[in-house]
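J.: Take a look at this one; I'll ask things after.
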Amino acid sequence: MADFSGSDLTCLRGERLVFGGLSFSAKSGDAVMLRGRNGAGKSSLLRLMAGLLAPRSGALCWNGENISDDRAAHHARTHYLGHQDAIKPVLTVRDNLRLWGQLRGVAALEAAIDRALNALQIHHLSRVTGRYLSSGQKRRTALARILIGDSHLWLLDEPTVGLDRESCAELAQLIAEFRANGGIVVYSTHIDLDVENPTILDLDDFAIPMVEWLAEQDDIEDMAPTKGTPTSQEAAQ
Amino acid sequence: MNGFLAILRRDLSLALRQGADSVMVVAFFIVTTTLFPFGVGPEVNILARIASGVIWVSALLAAMLSLERVFQADYEDGSLELLTLSPVSLELLILGKVLAHWLTTGLPLIIAAPLMAVMLNMDQNGFAILMIAMLLGTPALSLIGAIGAALILGARRGGVLVSLLVLPLYIPVLIFGAGAVEAALLGISATAQLQIMAAILLLTLAAAPFATAHAVRQAME
């Protein structure tokens, strides 16, 4: 039983405070759906979870261990799907996928690639080079990547972009299977993806104006010496 | 180690299929070197005198020309993000990418260098040392260049910026590379210069992957 949680996360991008005081917790088989207006920090949160960004404060833990303590282990159990499909135009679909499988050290890689291609119904494209793929086919190839190799956590940033209705249903099906096998899925989406009772995390709830946050930081700094002074006085007495 | 070979193989097959980069680097090297006889005049003594310096400077500029592309394509299509998130250490993957870069740009330069030496009327005594010095020097150029290439990710007009960042760091390689050939031409031993070049290579081999990985992670933020 795996447990993925974040406590009191604050995310600062450049000089903008994206969100603060965000906590969540997910267990094996859970799905967390991220909601919020544009710029609320859905992508930032997913990047934090993947380990691409470091939180300004707070911690992300897997089974109680901070993910930054053992990055390789976190990367091995996580599949991240960003906005970009990472497909090389001159390589075939199979060659594109092969690299990511090799980096994960997947055993019986060719069979695993076949299974992933079949699951997304793009097996007929396996010898087609990236440049001839439509945007939906590219997205399916990117989705095929997350089926290759064992993983326990899927971080999907707008996975439905470029997919038709039918593919969205397939994606929902893949997510359901992954959860049934004990996986945790965190995803953001603009359209309704048919996922069974997801936990909803609304990022608008964690938006705090920069002014308030700065004031809070000042309070903490102000408090530190005042707390310290009485003890030093006591020590003197 | 599998990850290292996987990225090396992928980058080589990309370079093979796109091809243009290697050809462009060698063509640039040949054209730049050819400009010097036009500039300084066709007197064979002068050309022979400046040959080693000209070849090294041209090689430096040619190597730099291809740097911008080392990470840029992967950065733009999201592959670099996934490489950062791979369970294999990023330093090792970067070493694989740098080796691929050297095989596709450094190695062709070494092969083209003796031809340019002949054109510039360099004495035959210098050829062997020129090749050895370039064999030690060009991998260091790729390693140092990778740091610059990673630092400019996300910057506008990165190509110009990378030259400003990297060229000053190339100076030691230039000094000892040209120095080794000079020594050989004068008939004295070039061992000292070559040893220093080997030391530069080992130092960059040890330090550059870490610096580059750090710059790449920074670019992902």
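The values are calculated or read from the model by the stated rules, or taken from the named source; none is laboratory data. Everything quoted here is computed from the prediction, not taken from an experiment. Virtual Cβ from ideal backbone geometry, glycine too; neighbours counted across all protein chains shown. Keep in mind that these areas ignore ligands, DNA and RNA; they rest on the heavy atoms of the full protein, side chains included. Shrake-Rupley method; radii C 1.70, N 1.55, O 1.52, S 1.80 Å.
J.: Helix A:109-119 versus the longest principal axis of chain A: what is the Cα-based angle in degrees, 0 to 90, to the nearest 10?
T.: Taking the Cα atoms of chain A, the angle to A:109-119 is about 90 degrees.
J.: Still on this structure, please answer the following. With every protein chain left in place and a probe of 1.4 Å, what is the accessible surface of A:ASP3, to the nearest 10 Å²?
T.: 40
J.: Can you work out the Karplus-derived ³J(HN,Hα) for every residue in region A:151-166? Use 6.51 cos²θ - 1.76 cosθ + 1.60 with θ = phi - 60°, whole Hz, and x for glycine or proline.
T.: Once rounded to whole Hz, the list reads 8, 10, 9, 10, 10, 10, 9, 6, x, 8, 4, x, 8, 7, 4, 4.
J.: If DNA, RNA and ligands are ignored and the probe is 1.4 Å, what is the ranking of B:VAL40, A:VAL185 by accessible area, most exposed first? Could you put the intermediate results ahead of the total?
T.: Details: B:VAL40 65, A:VAL185 0 Å².
From most accessible down to least: B:VAL40, A:VAL185.
J.: At 1.4 Å probe size, what's the solvent-accessible area of A:ARG35? Round to the nearest 10 Å².
T.: 110
J.: A follow-up question, please. State the Cα centre-to-centre distance between region B:1-65 and region B:95-171 in whole Å.
T.: Their Cα centres are 7 Å away from one another.
J.: Based solely on its DSSP helices, what 222 nm [θ] is calculated for chain B when runs of n ≥ 4 H residues each add -39,500 (n - 2.57) and the sum is averaged over all residues, nearest 500 deg cm²/dmol?
T.: Working: 10 runs with 184 residues, N = 221.
About -28500 deg cm²/dmol.
J.: For a quick check: with amide H placed at 1.01 Å from N, whose amide H comes under 5 Å from A:ILE184's, ignoring anything fewer than 5 positions away on the same chain?
T.: Residues meeting the amide H criterion: A:GLY29, A:LEU153, A:TRP154.
J.: Just B:VAL26, B:VAL57, B:VAL88 to compare: in a GNM of chain B, with alpha carbon springs under 10 Å, which one fluctuates most?
T.: So, out of B:VAL26, B:VAL57, B:VAL88, the one fluctuating most is B:VAL88.
J.: A further question follows. Considering only B:ALA6, B:LEU115, B:PHE36, whose Cα is most displaced toward the positive end of the charge dipole of region B:1-131, charges sitting on Cβ of Lys, Arg (+1) and Asp, Glu (-1)?
T.: Sorting the options by dipole projection puts first B:LEU115.
J.: Can you work out ³J(HN,Hα) from phi for every residue in region B:59-64, in order, using Karplus 6.51 cos²θ - 1.76 cosθ + 1.60 and θ = phi - 60°, giving whole Hz and x for Gly and Pro?
T.: 5, 4, 5, 5, 4, 5
J.: Another one. Hey, any idea what % of the protein assembly as shown's accessible area is carbon plus sulfur with a 1.4 Å probe?
T.: Within the protein assembly as shown, the accessible surface is 59 percent carbon and sulfur.
J.: Need one number: % antiparallel among DSSP beta bridges in the protein assembly as shown, to the nearest 5.
T.: Here the share of antiparallel DSSP bridges comes out near 50 percent.
J.: Could you rank A:GLU158, A:GLU15, B:GLU221 by how accessible they are, 1.4 Å probe, largest area first? Walk me through the numbers on the way to the answer.
T.: On the way: A:GLU158 20, A:GLU15 170, B:GLU221 100 Å².
Result, largest first: A:GLU15, B:GLU221, A:GLU158.
J.: Something else now. Quick one: accessible area per residue over region B:2-220, 1.4 Å probe, rounded to a whole number of Å²?
T.: 44
J.: Which value, in Å² rounded to 10, gives the accessible area of B:PHE210 with a 1.4 Å probe and all protein chains present?
T.: Here the residue's solvent-accessible area equals roughly 120 Å².
J.: May I pose another question? Cβ under 13 Å from A:LYS42's Cβ, A:LYS42 left aside: what net charge do those residues give with Lys, Arg +1 and Asp, Glu -1?
T.: For residues surrounding A:LYS42, the net value is -1.
J.: Now for a separate question. Kindly sort B:ILE147, B:ILE171 by accessible area of their heavy atoms, largest first, with the probe set to 1.4 Å.
T.: From most exposed to least exposed: B:ILE171, B:ILE147.
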